[in-house]
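Student: Shown below is the structure under consideration.
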Amino acid sequence: MDTSSLKIISLVAPMYNEQEVLSIFFDAIEQCFSNIDYDYEVVCVNDGSSDNTYDLLKRRAERNARIKIVNLSKNYGKEIALTAGLDHASGNAAIPIDCDLQDPIEVIPTLIEKWEEGYDVVLARRIDRTSDSFFKRFTSNIFYKLIDKISDIHIPSNVGDFRLIDRKVVCALSQFREKSRFMKGLFASLGFKETTIDYIRAPRAAGNTKWNYWKLYKLALEGIISFTSLPLKIWSYVGATVALGAFIYGFYLIFKTLILGVDTPGYASLMVVLLFMSGLILLCLGVVGEYLARIFIEIKGRPMYIIMDKIG
């Protein structure tokens with residue numbers, strides 16, 4: 001088949017210690033694109049893997065010239081790895097995808113079909129997540145509801161990085177160069193004409209997830225801090241409420257003293273007030289510190305990622 005006139009779809013796949021699933025992943029992609037009239041490239045970002053992921057990628061790239069490899073100098077995390085992959089995607093459209101096949105390859109033709117209808121962004125929404133644990137589904141649901149309430153933008157619920165974005169959307173995203181990244185929020189902040197398709201999230205094809213609850217917590221915290229200043233503003237209201245309460249209580253003590261005389265001060269109540277106020281102050285400083293840390297990271301101007309080498 002002459003592929004010179006076909007539109008190119010860039011599949012962007014961050015990879016960290018995924019040696020068990022690579023063969024299945026590439027076989028599924030080759031099967032998918034053998035049945036549709038589109039050319040493709042797979043931009044594989046090796047995010048500092050410590051297993052044989054990089055060696056297996058090189059062997060596969062020797063067999064398939066459509067496989068491109070971006071080998072990062074160390075593990076930067078999925079958000080940065082995904083950014084590196086999108087920076088190197090050259091297709092007419094790009095699809096960020098996990099290589100564990102929880103985002104099914106079979107959905108790609110539907111994404112492309114919606115794109116051809118004129119949509120710049122085609123979201124893939126997970127309508128069935130029984131492959132995830134109950135606790136993960138529960139906390140994810142709480143997070144999406146919370147961030148939708150407090151964020152300056154609408155972040156769709158149950159929509160991950162798996163989606164199709166047009167070339168002009170990729171170019172727009174490349175202008176966002178902050179180091180502390182929450183890609184779902186960045187995608188949502190771009191605008192453009194979008195639609196949504198639904199799919200059922202599958203279990204991992206092989207290997208084990210590299211995400212744990214601590215990493216998910218940090219990602220959720222990144223999303224909240226990156227897309228709302230409410231955690232900073234809320235302390236103004238907390239401070240005002242506490243000050244008002246202290247003012248009212250002060251008047252109560254004055255009138256009580258004038259009418260009933262002076263009571264012996266209570267040590268326990270004094271300690272409770274001191275500990276409560278100290279806790280509030282430290283919590284407030286912690287919130288301010290989270291924002292300040294991100295300012296500190298940004299103003300140093302260090303590169304977002306460093307590439308050790310590239311293939312293809």
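Student: Cβ-Cβ below 6 Å, separation at least six or inter-chain, first residue in segment 142-163 and under 29 Å from Glu106 (Cα atoms) and free of Cβ contacts under 8 Å to residues at least 60 places away in the same chain, second open to solvent by 70 Å² or more (accessible area, probe 1.4 Å) and not polar (S, T, N, Q): which pairs?
Tutor: Pairs found: Asn158/Arg125; Val159/Arg125.
Student: Here is a further query. Taking the options Asp263, Asp309, name whichever one is over 22 Å from the mean Cα position of the chain (by Cα), modelled with pLDDT of 75 or more and outside any helix (DSSP H, G or I).
Tutor: Answer to the selection: Asp309.
Student: Another one. Taking segment 93-136 as the search range and keeping residues that are open to solvent by 30 Å² or more (accessible area, probe 1.4 Å) and polar (S, T, N, Q), which one is modelled with the lowest pLDDT?
Tutor: Ser131
Student: Pull out all pairs, ordered by first then second residue, where Cβ-Cβ is under 6 Å, the residues are six or more apart or on different chains, the first lies in segment 278-298 and is closer than 20 Å to Ala240 by Cβ, and the second is in a helix (DSSP H, G or I).
Tutor: Taking only residues 6 or more apart or on different chains, the pairs are Cys284/Trp235; Val287/Pro231.
Student: Would you check which residues across segment 22-77 are in contact with a helix residue (DSSP H, G or I) (Cβ under 6 Å, 6 or more places away or on another chain), among the basic types (Lys, Arg) and open to solvent by 40 Å² or more (accessible area, probe 1.4 Å) and list them?
Tutor: Within segment 22-77, none qualify.
Student: Just give me the residues in segment 1-20 being in contact (Cβ under 8 Å) with a residue 60 or more places away in the chain and either hydroxyl-bearing (Ser, Thr, Tyr) or part of a strand (DSSP E or B) (or both), in sequence order.
Tutor: Correct list: Ile8, Ile9, Ser10, Leu11, Val12, Ala13, Pro14, Met15, Tyr16.
Student: Have a look at Ser50, Ser23 and point out the one that is at pLDDT below 90, part of a helix (DSSP H, G or I) and among the small types (Gly, Ala, Ser). So that I can check it myself, show each step before the final result.
Tutor: Working: Ser50 fails: part of a helix (DSSP H, G or I).
The match here is Ser23.
Student: Identify, from the list Glu113, Glu30, the residue that is within 21 Å of Asp161 (Cβ to Cβ), of a type in the set (D, E, K, R) and not in a loop (DSSP other than H, G, I, E, B).
Tutor: Exactly one residue qualifies, and that residue is Glu113.
Student: Which of the residues that make up segment 152-169 are among the β-branched types (Val, Ile, Thr) and either open to solvent by 10 Å² or more (accessible area, probe 1.4 Å) or not in a loop (DSSP other than H, G, I, E, B) (or both)?
Tutor: Of everything in segment 152-169, those that are among the β-branched types (Val, Ile, Thr) and either open to solvent by 10 Å² or more (accessible area, probe 1.4 Å) or not in a loop (DSSP other than H, G, I, E, B) (or both) turn out to be Ile153, Val159, Ile165, Val169.
The values are calculated or read from the model by the stated rules, or taken from the named source; none is laboratory data. Everything quoted here is computed from the prediction, not taken from an experiment. With ideal geometry, Cβ positions are generated from the backbone for all residues, glycine too; neighbour counts draw on all protein chains shown. To get the accessible areas, we keep the full protein, side chains included, count just its heavy atoms, and leave off ligands, DNA and RNA. Shrake-Rupley method; radii C 1.70, N 1.55, O 1.52, S 1.80 Å.
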